[in-house]
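Below is one structure, written out as structure tokens, with a few remarks after it.
The numbers here are math on the coordinates, done by the rules we state, and not lab data. All values reported here derive from a predicted model rather than from experimental measurement. All Cβ positions, glycine included, derive from the backbone under ideal geometry; neighbour counts span all protein chains shown.
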Amino acid sequence: MATKEEYEEIYNELIGFVPPRIQHRINVGLECDPQLLDMVEKIREHAMYPTSMDTKTAQMILFGILLSHVAPASEYHGRAAMRAGATKKELHDVAGLAFLFRGLPAFNLAAEILNKIFDEKDPKKATEAA
């Protein structure tokens with residue numbers, strides 16, 4: 001079993017910080033069922049880094065999927081894609097694809113996220129304030 005710091009390391013590397021819900025999942029998992037937490041994190045890590053594509057591509061796909069659900073977590077995958085080299089234009093193009101199937105709510109969320117993540121100075125503070 002991994003430690004809290006070991007579980008958090010992959011999020012810090014991918015996004016730059018550990019989102020609050022992830023912190024809660026790790027804390028409660030370590031307290032209640034470390035074995036289940038370990039299984040969940042291993043499956044998540046395996047799926048998050050497919051061998052057929054690079055991290056940037058995988059994160060752009062996840063950004064689009066989550067936008068189509070108008071899910072707040074799309075921000076974290078937009079950040080991860082940006083950290084992996086995606087441009088604002090590339091992520092905007094992904095938002096256009098999400099628009100085709102989810103409409104204006106997804107496109108509006110994407111615009112909010114893109115302006116936030118590409119224009120802010122301290123991503124952790126901006127996310128904590130949200």
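In the neighborhood of residue 84, defined by Cβ-to-Cβ distances under 11 Å, what is the net charge if each Lys or Arg adds +1 and each Asp or Glu adds -1?
Residues near residue 84 contribute 0 overall.
Output the pairs from 4/89; 89/116; 56/89 with a Cα-Cα distance over 25 Å in this structure; if there are none, say none.
Result: 4/89 exceed 25 Å.
What do you get for Rg/Rh of segment 1-48 when both radii come from the Cα atoms and Rh is the Kirkwood radius?
0.93
Report the full-extension gain for the segment residue 100 to residue 28: residue separation times 0.36 nm, less the Cα-Cα distance, to one decimal in nm.
22.1 nm
Determine which residues of segment 103-121 fall in the zone a paramagnetic label at residue 88 would reach in this model, i.e. backbone nitrogen under 18 Å from the point 7 Å along Cα→Cβ.
Of the residues in segment 103-121, 107-121 have backbone N under 18 Å from the label point off residue 88.
Between the DSSP loop rule and a limit of at most 13 other Cβ atoms within 10 Å, which trypsin sites (Lys or Arg not before Pro) in segment 65-121 are left?
Passing both the DSSP loop test and the Cβ count: 121.
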